[in-house]
Amino acid sequence: MRQATHILGFDTHGQGLIEITRAVSRWTAGQHIEQGLLTLFCRHTSASLLIQENAAPEVRSDLEAWLARLAPESDAYAHDDEGPDDMPAHLRATLTGIQLSIPLIAGKLALGTWQGIYLFEHRRRPHRREIALHLIGD
Amino acid sequence: MRQATHILGFDTHGQGLIEITRAVSRWTAGQHIEQGLLTLFCRHTSASLLIQENAAPEVRSDLEAWLARLAPESDAYAHDDEGPDDMPAHLRATLTGIQLSIPLIAGKLALGTWQGIYLFEHRRRPHRREIALHLIGD
Amino acid sequence: MRQATHILGFDTHGQGLIEITRAVSRWTAGQHIEQGLLTLFCRHTSASLLIQENAAPEVRSDLEAWLARLAPESDAYAHDDEGPDDMPAHLRATLTGIQLSIPLIAGKLALGTWQGIYLFEHRRRPHRREIALHLIGD
């Protein structure tokens, strides 16, 4: 049994979903583990991690529009030092979650056919985001 | 230290919560691991995984009614090819999450007294759903 | 490779977020593992686990106020045996989640600079809450 850890960095360019399946799969494949568990952990509270459909792009735009209604910028928040998108970013990250663990079976992540891994940026301005990875298996 | 992986399949019959605690516990017990970590991963984006109270059934019906208000079928979505329940299914799965990891202590999943593991079907039509399982420990 | 498990207990005093980063880090440090994965699992369905900003306290009060609007006590619920805060507690715990896994890199939890680990009590009355911990690594 072995394990490996890594920090993946991504530059975001405003609110939205960035597919990171390829970057994550490439690092995982490089560890030469056949069976195991991969954990992704987003080191931020205004960006999140999400498994979502990777086919129809409308799923992602509908999701963004719905989150914008559920945690709107127009609400009054006590925490608004960094602008009106700051507190909604924390709320949207709370809803969608910041950690995922995915089994590795026969050398492949056990993602379903239509599942992609996404980094979800909730702030309007560009940010450097870090995802900590942990892989264990043999 | 050892590990085991498995795919559990379930047939769903419309929207609602299906308790899968017994099926999951049975597979886990069969691996003869005393201390470890069990991970469940739902291979879909319109069904989800949830720990919820296993006693009062009203908790589940209240939860379903609340999700139906939070992500209603009556909203206008760009993604509606598969019917009005398609996009709300993605939203409800996003809210409730698709992955769970549960410690195994002294040969038992560390679930609380009132906790059950549920597969949450968000589509109206029957589906075949797959849960990938990963267990590591000794 | 080694593993360790533990149950951490916390006394809560009504609704709100309790930072548990220090208690969790102290137990983890005592296991003398340099690289690994820590999993926290909340053994309840009306309390939850959350990574949230540990700097501005307004983030936490805004989060609580927003959850109170999203899953209000004033709604009519079928499940109300234990009072009007019972069912909203289940809904808020569902939204925020009850399980977290955090990589351990170079002897430290891979938390971001502004991330704290919180136990989120959703009931009005004091409760004894248990968090199951699992650590694996070397």
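The values are calculated or read from the model by the stated rules, or taken from the named source; none is laboratory data. Given the structure is predicted, the values throughout are model-derived calculations rather than measurements. Methodologically, a virtual Cβ is constructed for each residue, glycine included, from the backbone with ideal geometry; neighbour enumeration extends over all protein chains shown. For the accessible areas, the whole protein counts, side chains as well, though only heavy atoms, and no ligand, DNA or RNA atoms are used. Shrake-Rupley method; radii C 1.70, N 1.55, O 1.52, S 1.80 Å.
Once the 1.4 Å probe is applied to the protein heavy atoms, the protein assembly as shown comes out at 38 Å² accessible per residue.
For C:I98, the residues whose modelled amide H falls within less than 5 Å of its own, excluding neighbours fewer than 5 places apart on the same chain, are C:L49. Take each residue of peptide B:125-132, count the partner chain Cβ atoms within 10 Å of its Cβ, and average: the result is 2. With the Cα gyration tensor of chain A giving a ≥ b ≥ c as the square roots of its eigenvalues, does the rule (a/c under 1.5 for rounded; else a/b larger than b/c for prolate; else oblate) give rounded, prolate or oblate? Prolate is the answer for chain A, as a/c is 1.5 or above and a/b outweighs b/c.
Using the alpha-carbon atoms, what tilt in degrees (0 to 90, nearest 10) does helix B:86-96 show relative to the longest principal axis of chain B? Helix B:86-96 and the main axis of chain B meet at about 40 degrees. Taking the C-alpha atoms only, the angle from helix B:57-70 to the longest principal axis of chain B is near 50 degrees. Taking every residue in A:34-41 and counting other chain Cβ atoms within 10 Å of its Cβ, the average works out to 6.
Once you sort the root eigenvalues of the Cα gyration tensor of the range A:1-67 as a ≥ b ≥ c, which label holds: rounded (a/c under 1.5), prolate (a/b larger than b/c) or oblate (the other case)? Display every interim value, and only then the final one.
Values: a/c = 2.55, a/b = 1.85, b/c = 1.38.
In terms of gyration-tensor shape, prolate.
Comment: the Cα-to-Cβ extended label point of A:P72, at 7 Å, lies 1.4, 1.4 nm from its counterparts in the other copies, nearest first. For the protein assembly as shown, what class follows from the C-alpha gyration tensor (a ≥ b ≥ c being the square roots of its eigenvalues): rounded when a/c is under 1.5, otherwise prolate if a/b is larger than b/c, else oblate? It is rounded, given that a/c, with a ≥ b ≥ c, falls under 1.5.
Along the axis of the charge dipole computed for the protein assembly as shown (Cβ charges of +1 for Lys and Arg, -1 for Asp and Glu, origin at the Cα centre), the listed residues B:A29, C:M1, B:A78 are led at the positive end by C:M1. Spatial offset of the range B:1-79 relative to the range C:90-138 amounts to 20 Å, using the alpha carbon center of each.
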